[in-house]
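Have a look at the structure below, then the notes.
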Amino acid sequence: MEEIISIKNVVKRFPVGDGFFTALQDINLEFKKGEFAGLVGPSGSGKTTLLNIIGSLDTPTEGEAIVIGKDISKLSHQQSADLRNHNVGFIFQEYHLLPVYTVYENVEFALLLQNIGAAERKKAVMEALDWVGLTHKKDSKPDKLSGGESQRVAVARAIVKRPAILLADEPSANLDAENAHNIMKVMKKLNEELDTTFIFSTHDEKVMQYLDRIVHLKDGRIEKDEMMKAKYGVHGAH
Amino acid sequence: MLRFRLAIKNLLSAGTRTWLSASILALACLIMVMYMGVLQGWNTQAKTDAINWQFGQGEIRSPKYDPYDPFTIDDGHAVIPAGAEGEAVPILVRQASIYPQGRLQNITLQGLPKHQNLLSIPTGKFTTEKEGVIPVVIGKRMAKTANLKVGDMTTLRWRDKGGTFDAAQVLVADIFRTNVPEADMGILWLDIDKLYEMTGLRGEASYLVLSNAGYHKNVPSWNYISKETLLEPLEAMVAAESIGAYVIFFILTGLAALAIFDTQVLSIFRRQKEIGTFIALGMTRKQVVRMFTIEGTSLSFFGVILAAIVGIPFGVWLKSTGVSLGKPTEAMNINMAQTIYPVFGTSLILGTVIIIVGISALVSYLPARKIAHMEPTLALKGKIQ
Ligand SMILES: Nc1ncnc2c1ncn2[C@@H]1O[C@H](COP(=O)(O)OP(=O)(O)OP(=O)(O)O)[C@@H](O)[C@H]1O
Ligand SMILES: [Mg+2]
């Protein structure tokens, strides 16, 4: 399998007061196409920081992050926006749906940014809503949705453009057990059907049991990088 | 298109605040267009009246005549140039006095041909059956100051060609009503032929009112004053009046602009997670700046639409009934009709709309620029101060 993400000697420091805080320290990681992996670690260990770099929302202070052949540090605003627009989908703990748009319009948004024609857009949106089982809610506004439904809309929005990489930052943190399992099953299915690379950040056991690979972070360093398939079997435990 | 749709939805969801700002903008727009429309209507009326009663297509003045210097009147006359007939109406000005109710009142006699139709002065009324009296026509203002009515007679005293005083009875043959005080106050209009008889200045005139502006080229020795020059003071007067409209307009637009600015600052602060999301979804920061700018600017479109909904029927009604400014206008001695029909020009309406939209765009853009410097990672967390 080909490498889709390659992190080499990445250091991330944030300015704090007079000095710096080192959030990531000498990270070396590779992800292959179609992986279903997670970054796991205590709060403040650097999970979100690493996801942000992979998604080109942030840049490393030192080292190299190559995503789909592109060096994140060397991208212009426009190029990094293009990378996110076409190749990277984000799912957040707080869903971050656009409040004034309906479910349908929220999912459609990414495609509008890509200037995709109306007919093709409609087909893709309905398909994405079908994947997450929300076609019947397409005209609802986000404030009328439950947490589980909101997160499924976020998944549909991220997946509708068929990105190569999907980054999910604690997607289950605001969900109850049932909804957490639901959302993980949906994503696992998409991973298998579309060969999308998923990278999670989580400290939720429910999420972890679906993962094929877990990268343990602590204080900005990789503590352990384990393949889970042996432990849980090919499709994870259910 | 996408940005526009989102902007409209966001605005509508903002509720009262949106409608309040839009209403202020609409009000500014309405007041500006209505006020300026009335002034424009006045301008049109005043100019039309001045042309019809006073200026024609311009004047040529005999070399020594200056209407602003009464001392020039005595000598300010010359033989009417050849070929003037059909191109201009000659007017001979002389000083004289009348004695209504025995009181002396200085006036100017202005003689012009009985058969002219360039000026609206009712020269056709220069007739009487009475022997030995001089028929004159006067305006309402003159009639009022001299306390004269149609059919009244009064004594007129003037100097004949030898410079000695002569006197006769004048008969008020008609009183006309004009918006132009300069064609009215202190003037007795009479047949120029009669004035020739009285003064011995046959074939002479103080100035010619042109019906054909080009004629002045044939008479280089007379002073040509174009219609445009003659109308300048009127334009200046209307322009001075429009300052008030601008003041009100800019106060209201300024208020709305402040409201928009404030709303923008607040919404950019409150919606930073949304801004982060837009960037995560693949928009550049510049695109997000543009989107927020469009959102703020759209408010002015609401304002303009609101103004149109109220203003179009109101304007159409006003245009047909006119604006009545009541009686006092006549006493003010300015060229202003009692009822003014507003004129709503395209440039007035378009200009107002462009200014409103432009200012809204500016005050929407200024706060939105901040987005360009936002860290998307912090925005997503809502941690930007
Ligand atoms: N912009 C920033 N400026 C300063 N410090 C930051 C910034 N972003 C993150 N940090 C710090 O870097 C460290 C790693 O943060 P990060 O958000 O990646 O942790 P995390 O593993 O995602 O934690 P959590 O599980 O709580 O989400 C934290 O100590 C955090 O305070
Ligand atoms: Mg985190």
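So which of B:F292, B:F344 ends up being of a type outside the set (V, I, T), in contact (Cβ under 8 Å) with a residue 24 or more places away in the chain, part of a loop (DSSP other than H, G, I, E, B) and assigned by TED's automatic domain parsing to the domain that holds B:N43? Quick ask: steps written out before the conclusion?
Values: B:F292 fails: part of a loop (DSSP other than H, G, I, E, B).
Of B:F292, B:F344, the one residue that is of a type outside the set (V, I, T), in contact (Cβ under 8 Å) with a residue 24 or more places away in the chain, part of a loop (DSSP other than H, G, I, E, B) and assigned by TED's automatic domain parsing to the domain that holds B:N43 is B:F344.
When the residues of the stretch B:352-385 are filtered to those that are of a type in the set (S, T, N, Q) and in contact (Cβ under 8 Å) with a residue 24 or more places away in the chain, the one that is nearest to ligand 1 (Cβ to nearest atom) is B:T377.
Could you tell me whether the stretch B:327-339 includes any residue that is under 30 Å from B:V265 (Cβ atoms), more than 16 Å from ligand 1 (Cβ to nearest atom), under 32 Å from the mean Cα position of the chain (by Cα) and open to solvent by less than 70 Å² (accessible area, probe 1.4 Å)?
Kept after step one, since they are under 30 Å from B:V265 (Cβ atoms), are these residues of the stretch B:327-339: none.
No, because not a single residue in the stretch B:327-339 is under 30 Å from B:V265 (Cβ atoms), more than 16 Å from ligand 1 (Cβ to nearest atom), under 32 Å from the mean Cα position of the chain (by Cα) and open to solvent by less than 70 Å² (accessible area, probe 1.4 Å).
Taking the stretch A:77-92 as the range and being open to solvent by 50 Å² or more (accessible area, probe 1.4 Å) and within 9 Å of another protein chain (Cβ to nearest Cβ) as the test, the residues that pass are A:H77, A:Q78, A:D82, A:H86.
To keep it simple, each residue is scored yes or no on (1) more than 14 Å from chain A (Cβ to nearest Cβ); (2) closer than 30 Å to B:V38 by Cα.
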residue: B:T229; (1), (2): yes, yes
residue: B:A240; (1), (2): yes, yes
residue: B:I251; (1), (2): yes, yes
residue: B:Q264; (1), (2): yes, no
residue: B:R271; (1), (2): no, no
residue: B:A280; (1), (2): no, no
residue: B:P313; (1), (2): yes, yes
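Kindly evaluate A:A158 against the criterion of being within 14 Å of chain B (Cβ to nearest Cβ), in contact (Cβ under 8 Å) with a residue 60 or more places away in the chain and not in a helix (DSSP H, G or I). No; evaluated as a whole, the condition is false for this residue.
Quick one: which of B:E131, B:E85 is open to solvent by 70 Å² or more (accessible area, probe 1.4 Å) and within 16 Å of B:L208 (Cβ to Cβ)? So that I can check it myself, show each step before the final result.
On the way: B:E131 fails: within 16 Å of B:L208 (Cβ to Cβ).
Checking each option against the conditions leaves just B:E85.
Somewhere in the stretch B:364-373, is a residue open to solvent by less than 90 Å² (accessible area, probe 1.4 Å) and not in a helix (DSSP H, G or I)? Within the stretch B:364-373, none of the residues are open to solvent by less than 90 Å² (accessible area, probe 1.4 Å) and not in a helix (DSSP H, G or I).
Considering each residue of the stretch A:22-51, count those that are more than 11 Å from ligand 2 (Cβ to nearest atom) and within 14 Å of chain B (Cβ to nearest Cβ), and give that number. Lay out the reasoning, then the answer.
Here is the first cut: in the stretch A:22-51, the residues more than 11 Å from ligand 2 (Cβ to nearest atom) are A:22, A:24-38, A:40.
From the residues that got through so far, the ones that are within 14 Å of chain B (Cβ to nearest Cβ) too are A:24.
Final tally of qualifying residues: 1.
Taken residue by residue, the stretch B:298-307 has no member that is within 14 Å of chain A (Cβ to nearest Cβ), over 42 Å from the mean Cα position of the chain (by Cα) and not in a loop (DSSP other than H, G, I, E, B). A search for C-beta distances below 6 Å between a residue of the stretch B:230-250 that is assigned by TED's automatic domain parsing to the domain that holds B:V343 and any residue that is assigned to a helix (DSSP H, G or I) and open to solvent by 60 Å² or more (accessible area, probe 1.4 Å), counting only pairs 6+ apart in sequence or on different chains, returns B:A245/B:Y35.
Within 16 Å of ligand 2 (Cβ to nearest atom) and either over 30 Å from B:R177 (Cβ atoms) or at pLDDT below 90 (or both): which single residue out of B:G351, B:G382 fits that description? None of the others qualify; the one that does is B:G382. Within the stretch A:162-200, the set of residues being of a type outside the set (A, V, I, L, M) and assigned to a loop (DSSP other than H, G, I, E, B) comprises A:R162, A:P163, A:E170, A:P171, A:S172, A:N174, A:D176, A:D195, A:T196.
Per-residue answers, yes or no, for (1) in contact (Cβ under 8 Å) with a residue 12 or more places away in the chain; (2) more than 20 Å from A:R152 (Cβ to Cβ):
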| site | (1), (2) |
| --- | --- |
| A:L39 | yes, yes |
| A:S45 | yes, yes |
| A:L75 | yes, yes |
| A:Q78 | no, yes |
| A:V107 | yes, no |
| A:A110 | yes, no |
| A:E120 | no, yes |
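Residues considered: A:A154, A:A124. Of these, the only one that is open to solvent by less than 20 Å² (accessible area, probe 1.4 Å), under 21 Å from B:F278 (Cα atoms) and at pLDDT 95 or above is A:A154.
Applying the condition of being in contact (Cβ under 8 Å) with a residue 24 or more places away in the chain, touching a Lys or Arg at 6+ places or on another chain (Cβ under 9 Å) and among the β-branched types (V, I, T) to the stretch A:52-73 and asking which residue is farthest from the other protein chains (Cβ to nearest Cβ) yields A:I66. Can you tell me which residue within the stretch A:18-46, out of those that are over 26 Å from A:A164 (Cα atoms) and open to solvent by 80 Å² or more (accessible area, probe 1.4 Å), is nearest to the chain's Cα centre (by Cα)? Here the residue is A:S43.
Yes/no per residue for (1) more than 37 Å from the chain's Cα centre (by Cα); (2) open to solvent by 30 Å² or more (accessible area, probe 1.4 Å):
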{"site": "B:I248", "(1), (2)": "no, yes"}
{"site": "B:L252", "(1), (2)": "no, no"}
{"site": "B:V265", "(1), (2)": "yes, yes"}
{"site": "B:R271", "(1), (2)": "yes, yes"}
{"site": "B:G276", "(1), (2)": "yes, no"}
{"site": "B:V289", "(1), (2)": "yes, no"}
{"site": "B:T293", "(1), (2)": "yes, no"}
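Considering the stretch B:202-230, and only residues there that are at pLDDT 95 or above and hydrophobic (A, V, I, L, M, F, W, C), the residue that is surrounded by the most Cβ atoms within 10 Å (Cβ to Cβ) turns out to be B:A205. For the stretch B:74-90, check the following and say yes or no: at least one residue is more than 18 Å from B:V209 (Cβ to Cβ) and away from chain A (no Cβ under 14 Å). The answer is yes, given that some residue of the stretch B:74-90 is more than 18 Å from B:V209 (Cβ to Cβ) and away from chain A (no Cβ under 14 Å).
Listed here are the residues, each with its yes/no results for (1) away from chain B (no Cβ under 14 Å); (2) within 16 Å of ligand 2 (Cβ to nearest atom).
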position: A:L98; (1), (2): no, no
position: A:L134; (1), (2): yes, no
position: A:S140; (1), (2): yes, no
position: A:S150; (1), (2): no, no
position: A:D169; (1), (2): no, yes
position: A:D176; (1), (2): yes, no
position: A:H181; (1), (2): yes, no
position: A:I199; (1), (2): yes, yes
position: A:L211; (1), (2): yes, no
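Among residues of the stretch B:332-385 being within 14 Å of chain A (Cβ to nearest Cβ) and of a type in the set (K, R), the one that is nearest to A:D169 (Cα to Cα) is B:K381.
Could you check the stretch A:10-74 for strands (runs of 3 or more DSSP E) lying wholly inside it with 3 or more residues that are away from ligand 1 (no atom under 14 Å from the Cβ) and in contact with a strand residue (DSSP E or B) (Cβ under 8 Å, 6 or more places away or on another chain)? Steps first, please.
On the way: elements: A:19-32, A:36-40, A:62-67.
Correct list: A:19-32, A:62-67.
Within the stretch B:1-39, being free of Cβ contacts under 8 Å to residues at least 60 places away in the same chain and within 14 Å of another protein chain (Cβ to nearest Cβ) holds for B:M1, B:L2, B:R5, B:K9, B:L12, B:S13, B:G15. Do we have A:L111 as part of a loop (DSSP other than H, G, I, E, B), surrounded by 19 or more Cβ atoms within 10 Å (Cβ to Cβ) and modelled with pLDDT under 95 here? In short, no.
For the stretch A:114-132, give me the residue count where each residue is outside any helix (DSSP H, G or I) and more than 14 Å from every other protein chain (Cβ to nearest Cβ).
Filtering the stretch A:114-132 for residues outside any helix (DSSP H, G or I) gives A:114-117, A:132.
So of that shortlist, the ones also more than 14 Å from every other protein chain (Cβ to nearest Cβ) come out as A:132.
Of the residues in the stretch A:114-132, 1 are outside any helix (DSSP H, G or I) and more than 14 Å from every other protein chain (Cβ to nearest Cβ).
The values are calculated or read from the model by the stated rules, or taken from the named source; none is laboratory data. Just so it is clear, the model here is predicted, and its values are computed rather than measured. When we count neighbours, we look across all protein chains shown, and the Cβ atoms used for this are built from the backbone with ideal geometry, even at glycine. Note: areas computed on protein heavy atoms with side chains; ligands, DNA, RNA excluded. Shrake-Rupley method; radii C 1.70, N 1.55, O 1.52, S 1.80 Å.
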